[in-house]
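A short worksheet on the structure shown next.
The values are calculated or read from the model by the stated rules, or taken from the named source; none is laboratory data. Treat the numbers as computed from the prediction; the structure is a model and nothing was measured. Reconstructed Cβ throughout: ideal geometry from the backbone, glycine too, with neighbour counts over all protein chains shown. Please note that ligands, DNA and RNA were not included when accessible areas were found on the heavy atoms of the full protein model with its side chains. Shrake-Rupley method; radii C 1.70, N 1.55, O 1.52, S 1.80 Å.
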Amino acid sequence: MVDAATATQFLDANPHFAKHYYDVNFRPKVVSDLLDNGRATAVDVSRYHRLTAVEESEILFDLVRDIQDNLQMEKSLFNLMRHLSFMLRADCMSLFMYRQRNGVAELATRLFNVHKDSVFDDCLVQPDSEIVYPLDLGIVGHVASTKKMVNVPDVSQNPHFSNFVDELTEYTTRNVLAVPIMNGKDMVAVMMAVNKMDDAPHFTTTDEETLNKYLNFANLVLRVFHLSYLHSCETRRGQVLLWSASKVFEELTDIERQFHKALYTVRAFLNCDRYSVGLLDMTKTKEFFDLWPVLMGEVPPYDGPKTPDGREIVFYKIIDYILHGKEDIKVIPNPPADHWALVSGLPTYVAENGLICNIMNAAEDEFFDFQKEPLDNSGWTVRNVLSMPIVNKKEEIVGVATFYNRKDGKPFDEMDETLMESLTQFLGWSVLNPDTYDKMNKLENRKDIFQDMVLYHVKCRKDEIQNVLNTRERWGKEPDECEEEELEEILSEVLPNARKVEILEFHFCDFEHSELDLVKCGIRMYYELKVVDKFHIPREVLVRFMYSLSKGYRKITYHNWRHGFNVGQTMFTLLMTGDLKRYYTDLECMAMVTAGFCHDIDHRGTNNLYQMKSGNPLAKLHGSSILERHHLEFGKTLLRDESLNIYQNLNRRQHDIVIHLMDIAIIATDLALYFKKRTMFQKIVDQSKTYENWNDWTKYMMLETTRKEIVMAMMMTACDLSAIAKPWEIQSKVALSVAAEFWEQGDLERTVLEQQPIPMMDRNKAEELPKLQCGFIDFVCSFVYKEFSRFHVEITPMLDRLLNNRKEWNALKEEHDAKMAAMEAAKKAKEEAAGAAAAARQGPGRHRRNTIQKSIFITPNPMFFFLQRVRPSPRLVRSARKMRIKTFHIKSFTKKY
Ligand SMILES: [Zn+2]
């Protein structure tokens, strides 16, 4: 027997033996105890010693070092599994990560086929070649759902076993030992050992214990990883919310800008290569100009997918955020269906169903069949996709956000879903957050106040109506105290004769008439249309309505009451003289002429673009055809007042018809829509020529609601532009007032917006007017009047005058061009002469100054020639003197000299 002192002495003298002895007998136990942290284990440490004591001690130190050195979770686990497969005498081991996608749990291979001599890179499963198990499939799935270890001695006897991976990998699984790895109560992964070797029939309880014991390492590694991932998710989420909150709420006016701003700000926190936001058209009912091509059979009716609230799925804009490589943002308005962000059909699917869609391994998914090659020059391809709806508080889907390729190459998981969802929710809500509601309510209120004000200022007063209906003088009472017959008696005297004042003529000229005269002419048209008695329009109301319309127009250079009246008059003439009335009912004719009178009411002398650029509240109220919608609303506001409502005795159906036609007619005056209706109108004219019998054609047309609407819309354009088809002495004057109003807008653009106006609105380019008029006639007007003359020969006078005006403008243009060319030549000759002389006598500086001074001196204003050429008749000059407007534009020219 050796005592302690002797033993110590021996060990001190033989350190190699001491180390060996300790390694073999004790180190595993010490480490094991350290790891076990109190868990009761039935493992007898001495057994390890007998089995693989040396190796095990090596393994343990190896693993501890690994955790310290290696921050990569997969690498640490790989090392552990490599050792474990050796210790368990397993043919191989695999690790399956647990995650949730689309709210459904699944397991995905992360480390596959690990054995003693494996190389890490061979075993690490790349995201695009994962094998994914739903929890109801296979032994691994069973382990994940029961959260319990299983030891299956013979898989063929196990009901949970599925051989699909065997078939996939041409491998035969005989027996399995699998264990769940948990973080508290949460599933994290499943580790599995397959096929016991060394002729042993299956894994033993000893193997179970070994596995259980070493699981502590796996747990430690995974927990560290998982916690740091969770932490970063929480941090990211917090940041995203913080940013989107502060940025989104900052600006509430422009929805798109909000989306963009919020998404751009959070870009750094979105853990992906790229994302795109598709914005959905929110209009529930189509505008008439988009509906017509469908009704005309030119475009097939929409039968594509719709949003849950019934909107056609139209992505009107895509904002594409590229975060990989060189950061970039692309805005794609009206993206084509084959745009890479839409062509998969995934955003449409999401917009249709409102589901969150998480697709891993996009290459294998049928959604992404289109992806045959990289989507851009950088070689970028879609690998993983997370797509989700952006929903507003009304639960309408306003857009779809799609995230591509998580940065680490792994599929998007539950964390990403939650993160992105909270972001998209934020975006959606922000669009209609309480502040916006407040603002909209205020706008509503303002609208009410506006209505009161409009009526107060615009409505014909009691004293004013006496200018037409002089009941006080005539009958000694107010109009409302008179019988209709008494009012009729007055009107039959004060209203002008239609033939005499030429309101049935295309060449009608308003110059000789006062604004009040025009009011009376307007009333006369309702009589000529025979709608006053037919639709029981109270005479007092009719007079007050027309008078109020004239007051509703502002006293501006061109878009004043005279223009409004002229459009109504041309509509009246097209119907009566142009014989277009044959297709329309009296009710419809009344609506059309009324629309003509109302169509530019409360015009501000500036166009739609200016309203947008100057941030006019109207631009916020209406998305497109800003002013036209305002004119329409203004007109309807007047009609809502009972004392102005000429439609008050119509029945419900009749009322709906007139309002519907006015809606279309007034919006149709937006020239931006002109090109949409051109070909449809032309086809109707073509079609009319296929009828031999004019009556058959008329009968056919009268029932064709859509065709009648298209013709009416084109008539509105013909009326709105009718000044271009007036006799030259009228056209030349009106063109100047149009130009003068444009120049005034140009001045505003320069002073208020500090922008350079386009040539048409630049008074310094006034001499280009003849050229601009020629262009306007060629590109816009000639089609209208050519087609109408072809349609109804009665309308030819308009075309003839248009062509004559084209000649006149062209002559002026050529005259101007010739003058400019002559001046240019003279200038050049002088320059050359002066240059030669200067070169002979003086320095170049002096010579330059000379020429400039001269050129200023000799350039007369080209408008001077132009004004000389326009020689109005003495009668016109006289009437122009009476009118503020006409003298105004002459003054604005003379101001230039
Ligand atoms: Zn107009």
message: Going by Cα centres, the stretch 171-222 and the stretch 663-725 are how many Å apart?
response: 80 Å
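Working out 0.36 nm times the residue gap between Glu167 and Asp338, then minus their Cα-Cα distance, what length gain in nm do you get to one decimal? Show your work: numbers first, answer last.
Values: separation 171, 0.36 × 171 = 61.56 nm, distance 3.81 nm.
Taking 0.36 nm per residue and subtracting the Cα distance, the gain is 57.8 nm.
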query: Which distance in nm do the two modelled labels at Tyr691 and Ala363 give, with both placed 7 Å along the Cα-to-Cβ direction?
result: 6.4 nm
Distance in nm between pseudo-label sites at Lys807 and Ser643 (7 Å out along the Cβ direction from Cα): 5.3 nm
field: Share of pairwise Cα separations in the stretch 495-807, more than 23 Å, in percent
entry: 56 percent
message: Keeping every protein chain present and rolling a 1.4 Å probe, give me the accessible area per residue for the stretch 634-683 in Å².
response: 42 Å²
- prompt: If ligands, DNA and RNA are left out, what is the accessible area of Glu502 with a 1.4 Å probe, given in Å² to the nearest 10?
  reply: 80 Å²
query: Got a number for the accessible area of Asp480? Probe 1.4 Å, square angstrom, nearest 10.
result: 100 Å²
task: Using R₀ = 35 Å, calculate the FRET efficiency as 1/(1 + (r/R₀)^6) where r is the Cβ-Cβ separation of Thr705 and Thr796; round to 0.05.
output: 0.80
query: Quick one: accessible area per residue over the stretch 270-388, 1.4 Å probe, rounded to a whole number of Å²?
result: 49 Å²
- prompt: Tell me, what % of the accessible area of the stretch 495-807 is carbon and sulfur with a 1.4 angstrom probe?
  reply: 53 percent
- prompt: Excluding ligands and nucleic acids, what accessible area in Å² is computed for Cys92 using a 1.4 Å probe, to the nearest 10?
  reply: 10 Å²
statement: The relative contact order of the stretch 75-232, taking Cα pairs under 8 Å that sit 6 or more residues apart, comes to a percentage of 24 percent
- request: Leaving ligands, DNA and RNA out of it, rank His16, His563 by accessible area with a 1.4 Å probe, largest first.
  value: His16, His563
query: Say R0 is 45 Å: what FRET efficiency, to the nearest 0.05, do Gln126 and Lys394 get from their beta-carbon distance?
result: 0.55
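I'd like the Kirkwood hydrodynamic radius of the stretch 587-647, using the inverse of the mean 1/r over distinct C-alpha pairs, in Å.
Values: mean 1/r = 0.0799 Å⁻¹.
Value: 12.5 Å, from the Cα pair sum.
Among the GluC sites (Glu not before Pro) in the stretch 627-656, which ones are in a DSSP loop with at most 12 other Cβ atoms within 10 Å of the Cβ? Mind listing them?
Numbers: sites: Glu628, Glu633, Glu642; in loops: Glu642.
For GluC sites (Glu not before Pro) across the stretch 627-656 that sit outside H, G, I, E and B with at most 12 neighbouring Cβ atoms in 10 Å, the list reads Glu642.
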task: Check cross-link reach from Lys813 to the aspartates and glutamates: straight Cα distance under 19 Å, and skip same-chain residues fewer than eight apart.
output: Glu729, Asp762, Glu767, Glu768, Asp778, Glu824
message: Tell me the carbon and sulfur percent of the accessible area for the stretch 75-232, rounded to whole percent, probe radius 1.4 Å.
response: 52 percent
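Exactly which chymotrypsin sites (Phe, Trp or Tyr not before Pro) in the stretch 166-214 are in a DSSP loop and have at most 16 other Cβ atoms within 10 Å? Walk me through the intermediate numbers first.
Details: sites: Tyr171, Phe203, Tyr214; in loops: Tyr171, Phe203.
Within the stretch 166-214, the qualifying chymotrypsin sites (Phe, Trp or Tyr not before Pro) (loop, at most 16 other Cβ atoms within 10 Å) are Tyr171.
Could you give the length gained on full extension between Ala200 and Asn470, defined as 0.36 nm per residue of separation minus the Cα-Cα distance, in nm? Intermediate values should be presented prior to the final figure.
Values: separation 270, 0.36 × 270 = 97.20 nm, distance 11.99 nm.
Fully extending the segment from Ala200 to Asn470 adds 85.2 nm.
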Inter-label distance, nm, simple model (7 Å from Cα along the C-beta direction), Arg750/Arg652: 5.8 nm
- request: State the number of lysine pairs found in the stretch 669-811 whose Cα atoms come within less than 17 Å, restricting to pairs 8 or more positions apart or on distinct chains.
  value: 15
statement: The alpha-carbon center of the stretch 269-319 and that of the stretch 352-382 are separated, in whole Å, by 21 Å
- request: Please arrange Lys555, Lys683, Lys827 by accessible surface area, largest first, computed with a 1.4 Å probe and ligands excluded.
  value: Lys555, Lys683, Lys827
statement: Length gained if Met149 through Lys19 is fully extended, taking 0.36 nm per residue and subtracting the Cα-Cα distance, is 43.2 nm
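Ignoring ligands, DNA and RNA, what accessible area per residue does the stretch 75-232 give at 1.4 Å, in Å²?
Accessible area per residue, the stretch 75-232: 44 Å².
Could you compute the FRET efficiency for Tyr349 and Glu298, with r as their C-beta to C-beta distance and R0 at 22 Å, rounded to 0.05? Walk me through the numbers on the way to the answer.
Details: r = 29 Å, r/R0 = 1.30.
For Tyr349 and Glu298, the calculated efficiency is 0.15.
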